[in-house]
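Peer 1: Okay, here's the structure, questions in a sec.
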Amino acid sequence: MAVEPRPLNAEQLAFVAHVQAVAVKHRRWIGEHEELRALLQASVGPKGDPELVSYTDPRLQAELQTHRDVALWQGSDRRFRLISLQSPKSVAAAVIHAENDPGPDTCRFCLINEARTPLELEMVKDGAGSPINNVKVHPRCRLAWRRVERIAMQNPAFAKSRTPQR
Ligand SMILES: [Zn+2]
């Protein structure tokens with residue numbers, strides 16, 4: 001079992017649910033600290049604390065990523081990224097998502113453009129561990145992207161298109 005000296009308490013977990021709700025509502029969001037506070041303030045209400053847990057608190061980020069299918073982090077440009085990691089609801093939606101090529105400066109999963117901060121993205125690797133040209137994701141979107149591809153593979157035509165032709 002992981003050792004966590006001070007796990008999030010019930011009040012903090014209730015706040016985490018607000019962060020999750022904002023992520024699900026916006027699906028992907030990028031912006032400044034104050035903008036994120038404003039989004040959370042709208043969710044928690046005028047009397048609530050929009051930053052009951054610091055957005056950079058590793059416990060918050062771990063709870064979101066592990067139990068809520070949400071990624072939250074501050075990038076190298078100091079802007080925050082808040083992303084819902086939920087899988088597509090259907091195979092058809094997954095195929096559309098997987099076939100969408102937003103270009104090399106954009107995360108394949110969440111579609112946030114990182115042209116100004118390319119180090120936020122990493123190359124996606126194929127089954128053999130080789131990087132796939134121009135397919136990049138945020139490290140925190142990597143597993144969600146794999147899920148999209150796995151769901152899309154249930155579509156025979158898509159699966160065939162991804163099988164190397166010999
Ligand atoms: Zn992403």
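Peer 1: Please state which one of Val148, Val95, Val135 is surrounded by 13 or more Cβ atoms within 10 Å (Cβ to Cβ), part of a strand (DSSP E or B) and outside the structural domain of Ile30 (by TED's automatic domain parsing).
Peer 2: Exactly one residue qualifies, and that residue is Val135.
Peer 1: Further question on the same structure: Please find, among Arg78, Arg108, Arg116, the residue that is in a loop (DSSP other than H, G, I, E, B) and in the same structural domain as Ala17 (by TED's automatic domain parsing).
Peer 2: Step by step, each of Arg78, Arg108, Arg116 is checked, and only Arg78 is in a loop (DSSP other than H, G, I, E, B) and in the same structural domain as Ala17 (by TED's automatic domain parsing).
Peer 1: Would you confirm whether or not region 122-129 contains a residue that is at pLDDT 95 or above, outside the structural domain of Ile30 (by TED's automatic domain parsing) and buried (at least 20 other Cβ atoms within 10 Å of the Cβ)?
Peer 2: Checked against the condition, which is being at pLDDT 95 or above, outside the structural domain of Ile30 (by TED's automatic domain parsing) and buried (at least 20 other Cβ atoms within 10 Å of the Cβ), region 122-129 yields no hits at all.
Peer 1: For region 151-166, what are the residues that are surrounded by 12 or more Cβ atoms within 10 Å (Cβ to Cβ) and part of a helix (DSSP H, G or I)?
Peer 2: Ile151, Ala152, Phe158, Ala159, Ser161, listed by residue number.
Peer 1: Next question, about the same structure. Quick check on my filter: what residues within region 105-117 are surrounded by 12 or more Cβ atoms within 10 Å (Cβ to Cβ) and either of a type in the set (Phe, Trp, Tyr) or more than 8 Å from the ligand (Cβ to nearest atom) (or both)?
Peer 2: Asp105, Thr106, Phe109, Asn113, Glu114, Thr117, listed by residue number.
Peer 1: Something else about it: Pairs needed: first member in region 65-78, over 16 Å from Cys110 (Cα atoms); second member anywhere, surrounded by fewer than 18 Cβ atoms within 10 Å (Cβ to Cβ) and of a type outside the set (Lys, Arg); C-beta distance under 7 Å; at least 6 residues apart or different chains.
Peer 2: These pairs meet every condition: Ser76/Thr117; Ser76/Leu119; Asp77/Thr117.
Peer 1: Moving on. Could you figure out which of (1) part of a helix (DSSP H, G or I); (2) surrounded by 17 or more Cβ atoms within 10 Å (Cβ to Cβ) isn't true of Ala38?
Peer 2: All conditions pass for Ala38, except number (2).
Peer 1: In addition: In region 19-34, which residues are surrounded by fewer than 14 Cβ atoms within 10 Å (Cβ to Cβ), more than 16 Å from the ligand (Cβ to nearest atom) and closer than 23 Å to Gln86 by Cα?
Peer 2: Lys25
Peer 1: Which of the residues that make up region 67-104 are closer than 19 Å to Arg150 by Cβ, away from the ligand (no atom under 14 Å from the Cβ) and not small (Gly, Ala, Ser)?
Peer 2: Within region 67-104, Pro88, Lys89, Val91, Val95, Ile96, Glu99, Asp101 qualify.
Peer 1: Anything in region 127-155 that is β-branched (Val, Ile, Thr) and away from the ligand (no atom under 15 Å from the Cβ)? List them, or say none.
Peer 2: Correct list: Ile132, Ile151.
The values are calculated or read from the model by the stated rules, or taken from the named source; none is laboratory data. A quick note: this is a predicted structure, and the numbers were derived from the prediction, not measured. Please note: Cβ atoms are built from the backbone with ideal geometry, for glycine as well, and neighbour counts cover all protein chains shown.
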